[in-house]
Every structure is written in structure tokens, then in C-alpha cells.
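The values are calculated or read from the model by the stated rules, or taken from the named source; none is laboratory data. From a predicted model like this one, the values you see are computed outputs, not experimental measurements. Here Cβ is always computed from backbone atoms with ideal geometry, including for glycine, and neighbour counts include all displayed protein chains.
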Amino acid sequence: MPLSEKQGVGSSILPLATMKKIIKMLIFTILDSFYDVIFGKVREDKHIIWRPKNYLHYSKYYWKLVQKPLESRGIYQPLLPSNIKTLKDFWTFHDEHLVLDEFSELIESESKDTEKWFIDIGAGDGVDASNTFNLVQNKYKGHMLEVDDSKFAKLATIYQDFPDVQLYKTKITPNNVVDLLSSFNLPNKVDVLNLDIDSYDFEVLEKILPKFKFKFLILEINPLFPKSIDFSVTYDEAFEWESNQFQGASLSMFYKLLKKHNYSCVHINGAFLLALDSDSLNSKVLEKNISELEETLKSSLKNNDPKDWDNIYKLFWSSSDEEIISHSNELFKNYNNYIIKKSNL
């Protein structure tokens, strides 16, 4: 056979990589059709289904072929506590669980047998990037609140094996949070409050602190702003976070509120701010002033994610107060539920 004919035959055969893609596509198409018949169509909701990073026995094939297709249809599997990673290997956004554990050890003065409590507002599914799941594993009692349908469905499935944790599917607002927490049988001082609702967090905390006492506060700030700017999303019944920079409140807003109610900021890393009841400070745990917090925050933004620093934060952190307010008003021009002004710090 002439060489040209051989080349012609060879050129008609698809490359191996392309054939694999076609086979993979066919498999998933067949599986999707099968799941559609047995379990129903994929749900159209806003819950981002994460790969389970905190599971010990994780199989990417099982995740892609079974677990993710089921979860996208609202079907969740129970969780064996033995299948969760250890404290050291567990993943949270800024190692909140590790930092909390470290500071808890530094101020520990009570018996190990003392009953401990937490409240988690914006609990998610209770495992993925959860700041409180480690507390659950360490026999804390608690209350977890989540409004998202899919996240709560997974939360309820997982936490059926934890009878000392009460779950509530409800939307927390500045108008209902005090009445709701007052209905719980809480101790005089709750060990941990985790607050992460990606919106009007400041106004919710502003209502909570005069009425309840906590040892630790795990808070999410908006790291877009230096200490000289006060910014906060304000309550709007119709507001839903769009996974952007329009969320929460600035460091300065939280700092002033916490000082007013006798709390001290002891740690900051990116959006994560840890505060401690000031009466619990000791020689090992010292309060950080606002200048120290600002310097650490800026350093963490630059070092943890240089790309986001260049694309997002640098413009705000290198501008005058007037320019920051102008940048913010332009960035948030589609919103009207916020305040922004100079902080006088």
C-alpha cells in the first residue's frame, strides 16, 4: 500500500484523548438519564455542592459518579463520624477551628468535664469548612441555624447522629435573633458564637451582644477596607448575597462594637476575626489594638492570595479615604442597603 494511503487511514482515527472524552461524556449522559428516572431531575438552587474535603475516605470516582449526582438532586447520605479528618487536617477557610482550639487551651481554667455550648448562625451543611464541627466532635452542645434549603437538608442528614445539637431552619434577621436565642435554654455564658451570614452580620451582632454573653466570637469581616473606613451592609428583607464583595462589615465597625461590649480582638487573618471576652484575657492572650489588627490584616491579604490583592484589595488599601468611599459607591452602585463613612480611628 502506498505511503499516502496509510497516512489517510491513520488520520481517520480519533486521538486517544478525544475518544476518552467521548466515552466519559456518554457514561455521564447515561448515568444522568438513569438518575433522572430513579431520583428525579437536578434541582435548580443556589447551593454550591463542594467536593467533600474533610472526609478521610474520599474517592473522586464515587464523588463524581454517585455522591455529586445524588446531592444535586437533594439526596444526602449519613456521615460516619469516623470518616472525618483529624483536627490538624480538617479544612476551614482561615484555619478558624485550629485558632479557636489554640486560644481555648491558652485560657482554659475550667474542668474538662464542664458542659460547653456553642451557637452557629449560618451553619451551612455543618461539615464543609465548618468552624464548629470540631466542637461537636469534642462533645459541645449547641444550636445550629441555617436558612438554605439544600444546606439544611444535608445538615439534618449528617447531624442525626448528634443528639446534643439542635438544628433550626430559619432566616436570622436583626428583628428576630434576640427572641430566637432567648427561647434556647442557654447557660449564662456561651463558649462560642460563630456568625457568618454574608450580609447584615453587624446589625445581627449589634442586637445579640447587649443580651447574651460569650467567651469567644468567630466573626467574618469585610477585608476590603482599612481601619479608617466604616462600612456595613444594612438589613433588607429581599437581599441575597451574590458571592461578591458586598457583604458584612469593616474591621472598624466590629472593633468599636466589640470594645463597647467588653470584648477584645485577639486574632485576625483575612476575613476571619476572633474576639474574646475581655475578662478572660491573661498573660498568654493579649488584646490587639486597631493598628495591630490593620497591619496584620493587610499582610494576610497580600501574602495569602497575591492575585486577589492585586485585582481587588490593593486599590482600596492604597487610596485616600475619599477615594475609597468613591470606589465603593461605584462598586456597589446596584445596592442601596449599606452605609459607608470615615471611621475616625
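Scanning the stretch 304-324 for any residue that is closer than 27 Å to Pro174 by Cα and touching a Ser or Thr at 6+ places or on another chain (Cβ under 8 Å) turns up nothing. Among the aromatic types (Phe, Trp, Tyr), more than 28 Å from Val177 (Cβ to Cβ) and not assigned by TED's automatic domain parsing to the domain that holds Leu195: does that describe Tyr55? Considered against the rule, which asks whether it is among the aromatic types (Phe, Trp, Tyr), more than 28 Å from Val177 (Cβ to Cβ) and not assigned by TED's automatic domain parsing to the domain that holds Leu195, Tyr55 comes out as yes.
Note on the stretch 106-125: residues that are farther than 19 Å from Asn188 by Cβ and at pLDDT 95 or above total 5. Close Cβ contacts (under 8 Å, 6 or more residues apart or on different chains) running from residues in the stretch 17-37 that are farther than 19 Å from Leu70 by Cβ and part of a helix (DSSP H, G or I) to residues that are of a type outside the set (Asp, Glu) and at pLDDT below 85 comprise Ile22/Leu14. Tell me, yes or no, whether the stretch 219-233 has at least one residue that is of a type in the set (Ser, Thr, Tyr) and over 21 Å from Trp117 (Cα atoms). Yes, the stretch 219-233 has at least one match.
Taking residues in the stretch 302-326 that are in the same structural domain as His94 (by TED's automatic domain parsing), and partners anywhere that are surrounded by fewer than 14 Cβ atoms within 10 Å (Cβ to Cβ), the pairs with Cβ atoms closer than 6 Å and at least 6 places apart or on different chains are Asp321/Lys342. Whether any residue in the stretch 136-143 is modelled with pLDDT under 95 and of a type in the set (Phe, Trp, Tyr) is what I want to check. No: zero hits. Would you confirm, using the coordinates I've provided, whether Gln67 is more than 21 Å from the chain's Cα centre (by Cα), modelled with pLDDT under 85 and not assigned by TED's automatic domain parsing to the domain that holds Ala275? Criteria not met by Gln67.
In this structure, does Lys53 turn out to be modelled with pLDDT under 80 and under 30 Å from Asn222 (Cβ atoms)? So Lys53 fits the description; yes. The criterion of at least 3 residues that are surrounded by 21 or more Cβ atoms within 10 Å (Cβ to Cβ) is met, among strands (runs of 3 or more DSSP E) falling completely within the stretch 123-220, by 141-146, 189-195, 213-220.
Mind checking which residues of the stretch 53-67 are surrounded by 11 or more Cβ atoms within 10 Å (Cβ to Cβ) and either of a type in the set (Ser, Thr, Tyr) or farther than 16 Å from Lys24 by Cα (or both)?
Matches in the stretch 53-67: Lys53, Asn54, Tyr55, Leu56, Tyr58, Ser59, Tyr62, Gln67.
Scan the stretch 183-221 for residues that are without any contact (Cβ under 8 Å) to a residue 60 or more places away in the chain and charged (D, E, K, R) and the total you get is 6.
Which members of the stretch 131-173 meet the condition of being of a type in the set (A, V, I, L, M), free of Cβ contacts under 8 Å to residues at least 60 places away in the same chain and closer than 26 Å to Ala238 by Cβ? I'd like the intermediate steps shown before the answer.
Step one: list which residues in the stretch 131-173 are of a type in the set (A, V, I, L, M), which gives 135-136, 144-145, 147, 153, 155-156, 158, 165, 167, 172.
Then drop every residue that is not free of Cβ contacts under 8 Å to residues at least 60 places away in the same chain, which leaves 135-136, 144-145, 147, 155-156, 165, 167, 172.
Across the stretch 131-173, the qualifying residues are Met144, Leu145, Val147, Leu155, Leu167, Ile172.
Out of everything in the stretch 126-138 that is touching a Phe, Trp or Tyr at 6+ places or on another chain (Cβ under 8 Å) and of a type outside the set (Gly, Ala, Ser), what residue ends up being farthest from Leu181 (Cα to Cα)? The qualifying residue farthest from Leu181 (Cα to Cα) is Asp128.
Only one entry in Leu79, Leu106, Leu87, Leu65 is assigned to a helix (DSSP H, G or I) and in contact (Cβ under 8 Å) with a residue 40 or more places away in the chain, namely Leu106.
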